[in-house]
1. Just give me the residues in segment 42-68 being surrounded by 16 or more Cβ atoms within 10 Å (Cβ to Cβ), touching a helix residue (DSSP H, G or I) at 6+ places or on another chain (Cβ under 9 Å), closer than 25 Å to ALA289 by Cα and not aliphatic (A, V, I, L, M), in sequence order.
2. Of the residues that sit in segment 167-210 and are part of a helix (DSSP H, G or I), without any contact (Cβ under 8 Å) to a residue 40 or more places away in the chain and not polar (S, T, N, Q), which one is nearest to LEU84 (Cα to Cα)?
3. Quick check on my filter: what residues within segment 280-326 are assigned to a helix (DSSP H, G or I) and within 16 Å of the chain's Cα centre (by Cα)?
4. What are the pairs with Cβ atoms under 6 angstrom where one residue, in segment 242-268, is buried (at least 19 other Cβ atoms within 10 Å of the Cβ) and the other, located anywhere, is of a type in the set (Asp, Glu)? Sequence gap at least six, or different chains.
5. If you check SER61 against the conditions, is it free of Cβ contacts under 8 Å to residues at least 40 places away in the same chain, within 17 Å of SER299 (Cα to Cα) and under 27 Å from the mean Cα position of the chain (by Cα)?
6. Which of the residues that make up segment 284-317 are farther than 20 Å from PRO8 by Cα, touching an Asp or Glu at 6+ places or on another chain (Cβ under 8 Å) and crowded, with 16+ Cβ neighbours inside 10 Å?
7. Just to be sure before I move on: is THR105 touching a Leu at 6+ places or on another chain (Cβ under 7 Å) and crowded, with 17+ Cβ neighbours inside 10 Å in the structure I sent?
8. On the basis of being among the charged types (D, E, K, R), in contact (Cβ under 8 Å) with a residue 40 or more places away in the chain and closer than 24 Å to PHE113 by Cβ, does ARG238 make the cut?
Amino acid sequence: MRIHLQSPAADPLFDFSHVSWEAAVARAANAGGPYEVSVGSGAEDFRAAIETAEALICDASVIKAFFPCQAPRLRLLFVTNAGLDRLAPFDWLPPGAILMNNRGTHAAKAGEFGIMAILMLASQIPAMATDQRAGVWRKRWGHVAAGENLTIIGLGALGGAVARHASAFGMNVTGVRARPAPHPHCLAVAGTDRLDAILPDTRFLLLACPLTDATRGLMDRRRLALLPKGAGVANIGRGELLDQDALCDMLDSGHLSGAVLDVFSPEPVPPGHRIWTTPNLIVSPHTAADDPATYNAVSLDLFLDNLRAWREGRPLPNRFDIARGY
């Protein structure tokens, strides 16, 4: 099989190499083969490989830069991002090619970041950071997380990992997702139609769902106002999931005690934007879920798992459902 790995355009920490591919094959059980593998890093490398490639591994920036294109033999397209909302509409996808994402790659890092964000909110670290910038000595007493109500919207790889950590801290975790099946680390799981009833009892809210037509603007001004006074908000999903201006207004007024945001609209946050100066708000520049030391290795492991399923005629675990948006 002819496989091409295309490195991202401007992020060398996530470059592919023949060494990383060979290590992934060595880790895989029944990796199959033989494989003819090329690794590229620019437009010339991409053009030289795409006309004969049967499988392409790349990130969303490569899709944005080079598609649509002629890829007559392409059968498998593995994108090393979990959220592919910025690639919609998907009319650039070559006929007959199966689109996959790397769902699962982000779980470990995002789980740690998510529980860190909740613990920061419980300890009033965003407010302390605001005091520090102002040169103000003010004692702020945090409290333990055990027994507090945490609502997690989205229980995929990201939200599920945070739920696992939160339950270990003794938090009362409620999950919200489109299909409200039970989750091992949640006391309860509800559908999004129950969200309004859940928010008034939510001490901490974590957004970890994909951005789709159904979730865009999910936490609007009305819903943010349903949170009790003193609640904290963390977002590791997408900036467009919530009304940023409404969030900032409620931090300014003191209705919300703090927020930890890893995602924004727009990105990067431009100079002079109120996000930079809103009190009790911690900014993380979209780095919550990615670890350069493990990212490509886990992504390649997932690709080989999917390639094995494809060879054996089984459903592909990471196949992206264009209609659902994840």
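1. Answer for segment 42-68, where residues must be surrounded by 16 or more Cβ atoms within 10 Å (Cβ to Cβ), touching a helix residue (DSSP H, G or I) at 6+ places or on another chain (Cβ under 9 Å), closer than 25 Å to ALA289 by Cα and not aliphatic (A, V, I, L, M): CYS58, ASP59.
2. By that ranking, first place goes to ASP193.
3. If the condition is that a residue be assigned to a helix (DSSP H, G or I) and within 16 Å of the chain's Cα centre (by Cα), then TYR295, ASN296, VAL298, SER299 are the ones that fit.
4. From segment 242-268, the pairs are ASP243/ASP220.
5. no
6. SER284 - this is the single residue of segment 284-317 that is farther than 20 Å from PRO8 by Cα, touching an Asp or Glu at 6+ places or on another chain (Cβ under 8 Å) and crowded, with 16+ Cβ neighbours inside 10 Å.
7. Yes: the conditions hold for THR105.
8. Details: among the charged types (D, E, K, R): yes; in contact (Cβ under 8 Å) with a residue 40 or more places away in the chain: yes; closer than 24 Å to PHE113 by Cβ: yes.
Yes; evaluated as a whole, the condition is true for this residue.
Read-outs: derived from the displayed coordinates by stated rules, not from any lab. As the structure is a prediction and not an experimental result, all values here were calculated from the model. Don't worry about glycine lacking a Cβ; one is built from the backbone with ideal geometry, like all the others, and counts go over all protein chains shown.
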